[in-house]
Amino acid sequence: MIVNPAAFTVLCFGDSNTFGQPSEGHGRLPVDVRWTGRLQQLLGPEYAVIEEGLGGRTTDLDDPDRDDRNGRTYFQPCLRSHSPLDIVVIMLGNNDLKTKFGRETDAVATALEGYIDNIERTAWTRTGEVPGVLLVSPIHLDPDQPAFAEKSSEYDADSVHKSRQLGAAIRRVADKRKVLFADAATVACAGDDGIHLNRASHEPLSHLIASTIRSI
């Protein structure tokens, strides 16, 4: 925990790619490998990075197979728990593309707009202002990876196609609401399972997000 009371506080809210699940198996990558940990190291003690990742987390959908994966139901109490905050980084969307949900990319992006509403209504900075928002579109699903066929039973070819279209939809919401946007797929990619970040991608993703935050 960063104990600098003046630190610029960054909440990173996402799914398994924020949690740090490795693409080659189960478990969790070490904190100094995960992009959130690398982000903390890049930004230094003048910033405090809070990691809030959960595997399988959706934007606002109830998963019939796991009853605690609706990100929206947890998001508002999460904001209250961690405020005051200076910026909230949100990287969600690929879990919404599972075949059981049948969701279109514009609907995913609209759901993320609801997160901006929550931030504006609920979160605050130390000076009583609304925290900044950074929407990060997730990496693309990659069916060419060796374990994708085995590990990706919840996704199909349509999911893969939608994952490649999701960035543009999220960017439209970011532009509409005048918040920051970054596209993880421009610097990062999936590993063996075609779903989760490969180990090498955590470093460039942390640099992308750090540079975007510093641009404020």
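Just so you know, all these numbers are worked out from the coordinates, no wet-lab data involved. Please read all numbers here as calculations on a predicted model, not as lab measurements. Glycine gets a Cβ as well: all are built from the backbone with ideal geometry, and neighbour counts include every protein chain shown.
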field: Distance from the range 2-40 to the range 161-216 (C-alpha centre basis), Å
entry: 15 Å
- request: Could you tell me what percent of the DSSP beta bridges with both partners in the chain are antiparallel, to the nearest 5?
  value: 10 percent
- request: Taking the chain as the reference, fit the longest principal axis to its C-alpha atoms, fit the long axis of helix 71-82 to the helix C-alpha atoms, and give the angle between the two in degrees, 0 to 90, nearest 10.
  value: 20 degrees
field: Cβ-based charge dipole, the range 84-200, positive-most Cα from ILE116, GLN145, GLY194
entry: ILE116
- request: For ILE2 paired with VAL130, estimate the spin-label separation in nm (one decimal), with each label point 7 Å from Cα along the Cα-to-Cβ line.
  value: 2.4 nm
- request: Give me the Debye-computed log₁₀ of I(q)/I(0) at q = 0.12, 0.13, 0.16 Å⁻¹ for the chain, equal point scatterers on Cα only, no solvent, two decimals.
  value: -0.57, -0.68, -1.06
Sparsely packed GluC sites (Glu not before Pro) within the range 102-137, loop by DSSP, other Cβ within 10 Å at most 16: GLU104, GLU129
- prompt: Using a Gaussian network for the chain with springs between C-alpha atoms less than 10 Å apart, which of these wobbles most: VAL49, VAL108, VAL31?
  reply: VAL31
task: Identify the trypsin sites (Lys or Arg not before Pro) of the range 126-216 meeting these criteria: DSSP loop state and at most 13 other C-beta atoms within 10 Å of the C-beta.
output: ARG126, LYS178
field: Charge sum, other residues only, whose C-beta stays under 14 Å from ARG38's C-beta, Lys/Arg counted +1 and Asp/Glu -1
entry: -1
Spin-label zone in the range 17-39 - amide nitrogen under 20 Å from a point set 7 Å from the Cα of ILE216 along the C-beta vector: 18, 35-39
